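The values are calculated or read from the model by the stated rules, or taken from the named source; none is laboratory data. What you are looking at is a predicted structure, and each value in this text was computed from that prediction instead of being measured. Quick reminder, even Gly has a Cβ in these numbers, built from the backbone with ideal geometry, and neighbours come from all protein chains shown. Each accessible area value is taken on the protein alone, full model and side chains, heavy atoms only, with ligands, DNA and RNA left out. Shrake-Rupley method; radii C 1.70, N 1.55, O 1.52, S 1.80 Å.
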Amino acid sequence: MEKIGDIEIRVIGKSGNLELNPENYDIKQIASILQNVEDLLYPNNKKDRPIITYDIEQGSVRHIFKTSIQAVIGFSALLSQVQSQNNIDFLELKTARAIEDMQKMSLQKNYEFQIKTSLEVDCVLKINPSTKFFRTENNWSDAELYFYGVLKDAGGKSKANIHLDTADYGYLL
């Protein structure tokens, strides 16, 4: 039998004048959390992933996810790295987007997300309106390249291209 571990995402905030709890927490936000957790744990290989079970509990809103202990250990390492670097640029795209989604929801709804695992030596990653977990935008620069060679072919109606034979780089398309 496979060992199971827990991942908890606790959402703290208010819904109107009431403290947040499962009775006043919108299903749209639950769906967002469910999608984000799958992207956090298994950004690439969703087809062959282990089962993830879900429960929602009191204590503000506590989302409890149970899955294989191996995934929980990896996720715990990821949380501690994000917390220590205070940055998500090193994460895979889907994992970074999932954390960005929680950051956006935190800014929109004034929520605090506390993410932790069931491991004993553990950290809690907090995402709130004062944190800035967004990816750094890619910086592009303009450049001009010059290739010297013999023009072999040029044209094309729907896919225009040039065929150039160079001494340094060979045949370029």
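In the stretch 44-65, which residue that is free of Cβ contacts under 8 Å to residues at least 24 places away in the same chain and out of contact with any Leu (no Cβ under 8 Å at 6 or more places or on another chain) is most open to solvent (accessible area, probe 1.4 Å)?
Among those residues, the one meeting the criterion is K47.
Would you please list the contacts, defined by Cβ atoms under 6 Å and residues six or more apart or on different chains, that run from a residue in the stretch 159-173 that is closer than 13 Å to Y148 by Cβ to a residue that is part of a loop (DSSP other than H, G, I, E, B) and open to solvent by less than 100 Å² (accessible area, probe 1.4 Å)?
Once the first residue is closer than 13 Å to Y148 by Cβ and sits in the stretch 159-173, its partners that are part of a loop (DSSP other than H, G, I, E, B) and open to solvent by less than 100 Å² (accessible area, probe 1.4 Å) give L164/F147; T166/F147.
Out of the residues in the stretch 21-33 that are assigned to a helix (DSSP H, G or I) and in contact (Cβ under 8 Å) with a residue 24 or more places away in the chain, which is least open to solvent (accessible area, probe 1.4 Å)?
Only one residue fits best here, namely I33.
List the number of the failed condition for R135; all other conditions in (1) within 26 Å of I4 (Cα to Cα); (2) out of contact with any strand residue (DSSP E or B) (no Cβ under 7 Å at 6 or more places or on another chain); (3) among the basic types (K, R) hold.
Every condition holds for R135 apart from (1).
Where in the stretch 72-173 are the strands (runs of 3 or more DSSP E), entirely inside, with at least 2 residues that are under 30 Å from N17 (Cα atoms) and open to solvent by less than 30 Å² (accessible area, probe 1.4 Å)?
112-117, 125-127
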